[in-house]
1. Note down all Cβ pairs under 7 Å where the first residue falls in segment 324-338 and is at negative phi, the second is assigned to a strand (DSSP E or B) and among the acidic types (Asp, Glu), and they're at least six residues apart or on different chains.
2. Could you check segment 25-54 and list, in sequence order, the residues that are assigned to a strand (DSSP E or B), at pLDDT 90 or above and open to solvent by 20 Å² or more (accessible area, probe 1.4 Å)?
3. Among the residues of segment 431-466, write down those that are in a loop (DSSP other than H, G, I, E, B) and within 28 Å of Asn242 (Cα to Cα).
4. Select from segment 151-197 the residues that are among the basic types (Lys, Arg) and over 13 Å from Gln39 (Cβ atoms) and write down the one among them that is most open to solvent (accessible area, probe 1.4 Å).
5. Out of the residues in segment 432-442 meeting the condition of being buried (at least 18 other Cβ atoms within 10 Å of the Cβ) and among the hydrophobic types (A, V, I, L, M, F, W, C), tell me which one is farthest from Ile500 (Cα to Cα).
6. Which ones in segment 335-349 are open to solvent by 10 Å² or more (accessible area, probe 1.4 Å) and either in contact with an Asp or Glu (Cβ under 7 Å, 6 or more places away or on another chain) or closer than 18 Å to Leu403 by Cα (or both)?
7. Quick test for you: out of Ile308, Ile322, pick the one residue that is aliphatic (A, V, I, L, M) and part of a strand (DSSP E or B).
8. Among (1) touching a helix residue (DSSP H, G or I) at 6+ places or on another chain (Cβ under 8 Å); (2) exposed (fewer than 14 other Cβ atoms within 10 Å of the Cβ), where does Asn318 come up short?
Amino acid sequence: MKLRKILSILFLLLIVITLVSCSDQNKSVTIDSVDILAQIDTVGTIHVKELYNYTISGSNQGTTRLMKSNIENFQAYKAPHLAENADLETEGLEPLKVEKENNRYQVTFPTEDENKQVFYSYQISDVVTKYNDMADLSYSFFELNQLELHDVAINLQTPSKQISKDTFLFFHSRQQPEIQTADGSIQYQYNSISDSESYPFRLIFPAAELADRPVDQAKDIKDSVLVSEGSLQWRYQNIDENFNDSIGLIAVLMILVLLIGSALFFFHPNRKRLPFDNKALLSLLERSNPLFVRYLNNEAKLSEEDIIAVFFSLNQRNLISISEVPSEVNAGTTFRFTWKRSQVKLRESDQYIKEWLFTRKDELGPYFLLESMAAPDQKIQSRTEKNNYSKVFKQCFERWRELIEEQPSFQNVKNTYIPYHLFSFSLVLLTISLLSYFVFSDVWSRETQYVVTIIFTIFGSVVVYFKCHKILMILLFVESFILSLFLSMTAATGIFLIFIVLAGTVTVLIPSSRWKHGSNELRRAIKLAKKLIKKNQYPLGVTPKVIERQMQYAIILRQENKFVQQCNAIPATLLASGNYPLLNNPKFTVAAFDPSILLTAPQIEIDRDEKGESVREA
């Protein structure tokens with residue numbers, strides 16, 4: 001434990017040192033100003049010239065530029081003294097050493113505590129698309145920026161070096177700089193650009209200016225682009241206002257969700273409890289049908305493993321006896337369940353179990369061996385026979401399950417809690433509605449907006465179709481939360497994220513079903529018994545018969561490994577006065593009833609038709 005703490009502290013210190021060192025490294029180089037001149041030629045290649053003004057703190061061997069893969073002929077030069085802009089020629093300039101590794105360019109200019117001007121030049125290819133009427137350029141000079149830039153000026157020139165009435169520039173960012181035109185170029189500026197901002201733009205200009213480039217796509221785009229970009233620019237300019245208009249509504253909805261959710265949780269029928277103490281609850285458990293206990297513990301469902309609970313139920317109703325007998329497959333022992341001779345009229349489900357499983361007989365009566373659920377019958381050799389046998393078993397089990405669930409005590413044990421489903425339906429509707437509002441108010445393309453809205457609407461419909469199942473509800477809220485992280489971040493976006501978390505939390509906490517009157521106390525007793533067994537604090541009975549009965553409940557509640565630790569304290573003299581097979585060797589009992597080694601289809605000799613009905617003569 002001490003070593004783990006020391007390693008954790010060292011790991012945190014390493015992270016802190018790394019962050020500090022990275023921070024110091026970033027602070028050693030600052031970029032005071034950037035001037036960019038981008039000239040498009042008649043083929044569509046962009047010739048870029050950049051003038052960077054660096055301030056170096058301490059010794060430094062240069063800088064690193066990350067560039068896109070379509071960059072060509074990247075060069076760096078020592079800029080002329082006091083150069084004012086990037087409109088420079090490379091002739092006569094002192095070149096700097098540039099080393100390229102993938103898309104990383106290492107520029108070397110040894111310096112120490114001084115200002116440094118560096119001139120860059122390169123070409124960008126395959127970013128301009130020519131249509132019948134217009135040429136289209138979408139780009140960002142700062143997508144791979146690693147440092148914060150200050151005082152940034154950009155100049156764009158089309159091939160004609162003239163700004164016609166059909167030349168348009170659109171900014172795809174919330175910060176919309178002022179555009180100026182001078183000397184045949186489009187000029188705009190940013191005071192600063194952080195390393196997390198890219199500021200993409202879209203420039204369209206007459207296709208005729210690309211005189212030496214063939215048409216890439218033979219269609220007209222001017223009208224459609226102006227419409228779509230006009231809508232997009234309006235959303236960029238009004239995104240804060242449009243988003244924040246919903247703050248009041250979301251705040252009211254959050255209050256309603258909290259109030260209604262709290263009421264549904266605290267006044268849920270499942271929370272109504274009778275004044276039972278622990279002793280009364282455990283007594284209730286030990287008087288209950290083991291199969292019904294297993295049914296409640298499994299959320300009102302029956303599985304093939306519940307056959308074990310059937311044997312204990314039959315035993316407690318004195319229909320079968322349990323004994324430890326020599327094994328037929330090894331040198332050890334196994335448990336035998338023998339049907340007692342009785343004139344009692346059997347339930348239909350009991351009669352079915354008797355005809356289905358208790359197929360072997362001797363002088364004591366029909367019986368079933370526990371090991372037949374773990375050891376394959378030697379008569380069944382081929383894979384096909386085993387598969388067919390398993391299929392018949394499943395058919396028989398389904399028929400027996402139907403007979404059990406037809407019994408009054410097993411009917412309507414767990415019902416739909418209507419208020420939860422109405423509330424969940426409202427949350428689905430509100431979440432998708434608000435999400436759609438934010439998506440359509442954001443600056444995403446119309447195609448993306450429609451696709452996202454349709455997908456979430458379909459998913460919401462699936463959630464409602466499956467009666468607002470909790471897992472589907474959680475998936476819906478998780479996906480909505482993740483998608484919302486990609487929305488433009490405003491105060492409204494943050495509140496909406498809180499709304500999603502609140503709605504998801506309330507959905508998880510409110511039970512989606514209500515249990516039949518009387519089942520709640522037994523479920524409380526099951527929960528209490530499991531808790532006490534895990535803590536080795538379950539009160540053992542005073543007689544072996546009661547303890548053996550408690551062992552059966554521990555097995556069906558999957559707590560047998562813990563319960564056996566308390567059984568070790570039972571004196572052998574107490575067991576000598578009677579037949580208590582489950583207590584003779586508690587550890588063997590636990591191993592024998594381990595569900596991980598019991599097959600779901602016991603290998604027994606049965607004759608069944610395809611519907612699982614018995615065809616054996618009585």
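The values are calculated or read from the model by the stated rules, or taken from the named source; none is laboratory data. What you see is a predicted model, and the numbers here were worked out from it, not measured in a lab. All Cβ positions, glycine included, derive from the backbone under ideal geometry; neighbour counts span all protein chains shown. What goes into the accessible areas is simple: the full protein's heavy atoms, side chains included, and nothing from ligands, DNA or RNA. Shrake-Rupley method; radii C 1.70, N 1.55, O 1.52, S 1.80 Å.
1. Close Cβ pairs satisfying both conditions: Thr333/Glu324; Phe335/Glu324.
2. Looking only at segment 25-54, we keep the residues that are assigned to a strand (DSSP E or B), and these are 29-40, 46-54.
Those left that are additionally at pLDDT 90 or above: 32-40, 46-53.
If the condition is that a residue be assigned to a strand (DSSP E or B), at pLDDT 90 or above and open to solvent by 20 Å² or more (accessible area, probe 1.4 Å), then Asp32, Ser33, Asp35, Gln39, His47, Lys49, Asn53 are the ones that fit.
3. Quick first cut of segment 431-466, residues in a loop (DSSP other than H, G, I, E, B) only: 442-445, 466.
Within segment 431-466, Asp442, Val443, Trp444, Ser445 meet the criteria.
4. From segment 151-197, those among the basic types (Lys, Arg) are 161, 165, 174; that's our starting set.
The next check asks that each one be over 13 Å from Gln39 (Cβ atoms); those that pass are 165, 174.
On the way: Lys165: 166, Arg174: 99 Å².
Checking each candidate, the answer is Lys165.
5. Here the answer is Val439.
6. Lys345, Leu346, Arg347, Glu348
7. Details: Ile308 fails: part of a strand (DSSP E or B).
None of the other options fit; the residue is Ile322.
8. The single condition Asn318 does not satisfy is (1).
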